[in-house]
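Okay, structure first, notes after.
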Ligand code: NAP
């Protein structure tokens, strides 16, 4: 441990969308901020996830920064949904454009952080030694710790295996290979058509089928881009006010109040619009089981109409969870991929993977042989990256212990007993249920203004009260249980990680409502916090 650790006003962990913007804001305010990231590059999730087919399934003209009008006007996206290399280029451009790199230290992993009561600062341990900071911001993302299930025998597999979230930087050529993919969430659904087009044979191991809506991706139309740029301020404001952080219209009708023909027509219209707008076709899709079933059956019929083998189509039809309660997927040619002669779908719900062998894997007593195996098996969502660091607050209280039965927070941003710690897009905030960009900018601006306000007032600590936190935990729970979401064994519920507490993690009350609550808390002198 260094005798005199390097000191910063603010230490930010994570060089993704959130950390980069926060660094920019804090520096503009004259604060001395420092950003660290374990990766060798900026980019956060867009650095690590580089699997074939990786792209954002939220439209790039909304999944991009809105804080700088020149950047917004000058940057051109090449497609409706940009792919991973383009998003990574954008983030690198932002790092250069705002001269952020001089305060960024890469290949630096934070392993522990301890609140020093006497000095009122955080002591943060990294692989390069100790750093101290008045304010400590975990901008580590919601989906940063990959989940690789402990299949017995994985270490004896003779071929190559990959997790989609730790993809080799140089890419992988599957030409002529027999490839297996485990996992059919958003990632699997993006990568399966791409790998199928290259491999000699692809076998997909599906535990739970998912609902997927077509992206209708394509090159950016210059006229459409110019039209959107002309009204960028309005659309950004719309995104911030609405529930999803995006700009499609929310229906005010209920699915069962309209005729079957009207309902089908609306689903058809939304289907052809593409992406998550489908979930907003009727306002009760996520709250009423019968309404939800109409949307679910519409998608199942699309699957049946696309996939030529009826048995395969039926296997792809989700029945287990209401539509949307596991994150809706957005695809390019996903279902049609199963019409290819070189693609096989294997159900592992009823015959789980027994073991990995030297040649491949065994399920239902059958061995499948591969050259390569791909795990698109997701993440320890929302809490994984926060709990990967041994964070200790007042009285050496461990965050891991405090959250052993599920997270507690005030506004999804702060935790009682952990002064001056901010968890960007943390559990208890809308984050993953919204266009992340809208939620990230809202959090960055709130945290920056909070730190700025306190610094101007000569105040050095802010801490959530136990009552405010308990009340927020209750609101997060109540909002979730007024919907169908908790019925799914989803990663939103922590259900994908063995032993993880089953608690609905994000705040489902909507971005607009949440933003108003946060603004009101600040305007009311940081109600629910003790400021000293
Ligand atoms: P995921 O949604 O958690 O899907 C993981 C898949 O692996 C599921 O099909 C799961 O089956 C399966 N799986 C996990 N453990 C398994 C096991 N032990 N045996 C067999 N199958 C197993 O993960 P993801 O697809 O990586 O997506 C996670 C999130 O990342 C998304 O929901 C989304 O928020 C984000 N994402 C975003 C984009 C984008 O374009 N913006 C793209 C990709 C991902 P079960 O369903 O049965 O658990």
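Couple of notes before you dig in:
- Complete set of residues in the range 353-365 that are crowded, with 19+ Cβ neighbours inside 10 Å and touching a helix residue (DSSP H, G or I) at 6+ places or on another chain (Cβ under 8 Å): 356
- Residue identified as in contact with a helix residue (DSSP H, G or I) (Cβ under 9 Å, 6 or more places away or on another chain) and away from the ligand (no atom under 16 Å from the Cβ) among 107, 117: 117
- Here residue 178 passes the criteria (1) in contact (Cβ under 8 Å) with a residue 40 or more places away in the chain; (2) within 14 Å of the ligand (Cβ to nearest atom) except the one numbered (2).
- Of the residues making up the range 300-332, just one is away from the ligand (no atom under 16 Å from the Cβ) and either touching a residue at least 40 places away in the same chain (Cβ under 8 Å) or touching a strand residue (DSSP E or B) at 6+ places or on another chain (Cβ under 6 Å) (or both), namely 312.
- One residue alone among 360, 364 is farther than 25 Å from residue 489 by Cα and within 16 Å of the ligand (Cβ to nearest atom), and that residue is 360.
- Residues located in the range 6-33, provided they are part of a loop (DSSP other than H, G, I, E, B) and crowded, with 23+ Cβ neighbours inside 10 Å: 14, 15, 16
- Condition check for residue 355: part of a strand (DSSP E or B), touching a strand residue (DSSP E or B) at 6+ places or on another chain (Cβ under 8 Å) and touching a residue at least 60 places away in the same chain (Cβ under 8 Å): yes
- Look at (1) away from the ligand (no atom under 15 Å from the Cβ); (2) at positive phi and you find that residue 425 fails only one, number (1).
- Residue check, residue 514 surrounded by 16 or more Cβ atoms within 10 Å (Cβ to Cβ), closer than 14 Å to residue 406 by Cα and touching a residue at least 40 places away in the same chain (Cβ under 8 Å): no
- Some residue of the range 223-230 being over 30 Å from residue 375 (Cβ atoms) and either touching a strand residue (DSSP E or B) at 6+ places or on another chain (Cβ under 8 Å) or within 16 Å of the ligand (Cβ to nearest atom) (or both): no
- Condition check for residue 185: within 23 Å of the chain's Cα centre (by Cα), modelled with pLDDT of 95 or more, within 13 Å of the ligand (Cβ to nearest atom) and within 15 Å of residue 49 (Cα to Cα): yes
- Residue ranges of helices (runs of 4 or more DSSP H) in the range 34-104 with at least 1 members crowded, with 22+ Cβ neighbours inside 10 Å: 45-48, 84-97
- The number of residues in the range 385-419 that are within 30 Å of residue 239 (Cβ to Cβ) and crowded, with 22+ Cβ neighbours inside 10 Å comes to 10.
- When the range 326-352 is filtered for residues that are touching a helix residue (DSSP H, G or I) at 6+ places or on another chain (Cβ under 7 Å) and in a loop (DSSP other than H, G, I, E, B), the ones remaining, listed by number, are 327, 328, 332, 333, 334, 340, 342.
- Among the residues of the range 480-500, those that are touching a helix residue (DSSP H, G or I) at 6+ places or on another chain (Cβ under 9 Å) and away from the ligand (no atom under 16 Å from the Cβ) comprise 480, 484.
- When the range 146-165 is filtered for residues that are touching a strand residue (DSSP E or B) at 6+ places or on another chain (Cβ under 6 Å) and within 12 Å of the ligand (Cβ to nearest atom), the ones remaining, listed by number, are 146, 147, 148, 151, 152, 154, 163, 165.
- Taking the conditions (1) assigned to a loop (DSSP other than H, G, I, E, B); (2) surrounded by 24 or more Cβ atoms within 10 Å (Cβ to Cβ); (3) within 13 Å of the ligand (Cβ to nearest atom) in turn, residue 374 satisfies each one other than (1).
- Of note, residue 368 does not satisfy the criterion of being over 20 Å from the mean Cα position of the chain (by Cα), in contact (Cβ under 8 Å) with a residue 24 or more places away in the chain and either loosely packed, with under 15 Cβ neighbours inside 10 Å or under 27 Å from residue 278 (Cα atoms) (or both).
- If you check 451, 440, 462 for being more than 25 Å from residue 404 (Cα to Cα), more than 16 Å from the ligand (Cβ to nearest atom) and in contact with a helix residue (DSSP H, G or I) (Cβ under 8 Å, 6 or more places away or on another chain), only one passes: 451.
- Scanning the range 334-347 for residues that are within 15 Å of the ligand (Cβ to nearest atom) and surrounded by fewer than 20 Cβ atoms within 10 Å (Cβ to Cβ) returns 346, 347.
The values are calculated or read from the model by the stated rules, or taken from the named source; none is laboratory data. Please read all numbers here as calculations on a predicted model, not as lab measurements. Note that we place each Cβ from the backbone using ideal geometry, even for glycine, and neighbour counts take in every protein chain shown.
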